[in-house]
């Protein structure tokens with residue numbers, strides 16, 4: 001299927017590995033010019049070089065999107081590198097684990113910076129120009145814990161839920177101007193990070209997923225690319241679970 005986004009320009013945050021890189025790859029294979037970022041210059045350039053080797057048009061930018069200032073600065077770098085941004089994929093690592101009892105109040109502001117305010121800042125830097133042009137796509141990578149909070153991830157649960165509310169509100173505001181805003185909520189996928197957490201053996205994680213396996217990052221990237229497509233122009237304000245059925249709620 002031709003997604004109708006050949007020649008568009010995308011900024012993909014935290015995309016030197018994992019799900020961010022999978023999204024950058026999926027967009028690049030659709031002919032989108034991609035600016036991706038990460039904190040380590042070697043990993044960023046290696047990721048961009050891999051996309052170029054596959055025929056994609058990609059540039060690597062060194063940026064830390066763990067706070068609002070870094071998120072906004074990344075988009076500004078991407079605009080300069082590409083001449084503009086039509087597609088924004090927000091992404092960031094997660095804050096430390098903890099429960100209500102074990103988490104100090106001082107830990108909340110950095111978590112909100114990382115998983116809420118960084119997303120807000122990236123949107124602030126990208127969305128107004130999209131709205132002026134009458135076309136734009138925002139897809140935010142959050143987590144299945146937005147719907148089904150993890151008991152030991154109170155900081156992530158709180159910050160990402162706030163980001164989801166922000167994105168839903170933004171979606172209704174900019175919908176008349178040709179900009180869609182959606183979020184995707186991943187469960188377990190076969191990333192280096194998940195492998196590290198499970199000592200290289202993903203069978204325990206897979207056992208918790210109704211599909212019986214962990215997700216393929218490239219499949220996740222393809223879903224994000226579809227949300228950026230012309231065909232998805234009437235999908236906005238959605239929060240899509242991509243978790244193999246792990247979320248058990250009805251709504």
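For the reader, a short list of remarks on this structure follows.
- Whichever residue in the range 202-226 is in a loop (DSSP other than H, G, I, E, B) and more than 21 Å from residue 17 (Cα to Cα) and, among such residues, is modelled with the lowest pLDDT: 208
- Residue tally, condition in contact (Cβ under 8 Å) with a residue 60 or more places away in the chain and buried (at least 21 other Cβ atoms within 10 Å of the Cβ), over the range 16-31: 11
- Among the candidates 222, 205, the residue that is over 17 Å from residue 24 (Cβ atoms), touching a residue at least 12 places away in the same chain (Cβ under 8 Å) and buried (at least 16 other Cβ atoms within 10 Å of the Cβ) is uniquely 205.
- The sole residue among 183, 229, 241 that is part of a loop (DSSP other than H, G, I, E, B) and either modelled with pLDDT of 95 or more or touching a helix residue (DSSP H, G or I) at 6+ places or on another chain (Cβ under 6 Å) (or both) is 229.
- Evaluating residue 231 against the criteria (1) at negative phi; (2) crowded, with 17+ Cβ neighbours inside 10 Å leaves one unmet condition, (2).
- Number of residues in the range 120-154 that are part of a loop (DSSP other than H, G, I, E, B), in contact with a strand residue (DSSP E or B) (Cβ under 8 Å, 6 or more places away or on another chain) and surrounded by fewer than 24 Cβ atoms within 10 Å (Cβ to Cβ) equals 3.
- Restricting attention to the range 21-57, the residues being touching a strand residue (DSSP E or B) at 6+ places or on another chain (Cβ under 6 Å) and within 20 Å of residue 125 (Cβ to Cβ) number 10.
- Those residues of the range 100-119 which are touching a helix residue (DSSP H, G or I) at 6+ places or on another chain (Cβ under 8 Å) and not in a helix (DSSP H, G or I), in sequence order: 100, 103
- Pairs are defined by a Cβ separation below 8 Å, a sequence spacing of at least 6 or placement on different chains, a first member in the range 34-62 that is over 12 Å from residue 20 (Cβ atoms), and a second member that is at pLDDT below 95 and outside any strand (DSSP E or B); no pair meets this definition.
- Residue that is nearest to the chain's Cα centre (by Cα) [pool: residues in the range 162-180 that are surrounded by 18 or more Cβ atoms within 10 Å (Cβ to Cβ) and either without any contact (Cβ under 8 Å) to a residue 40 or more places away in the chain or assigned to a strand (DSSP E or B) (or both)]: 180
The values are calculated or read from the model by the stated rules, or taken from the named source; none is laboratory data. Keep in mind that what you see is a predicted model, and the values were worked out from it rather than measured. Neighbour counts are summed over all protein chains in view; Cβ atoms, including those assigned to glycine, are modelled from backbone coordinates with ideal geometry.
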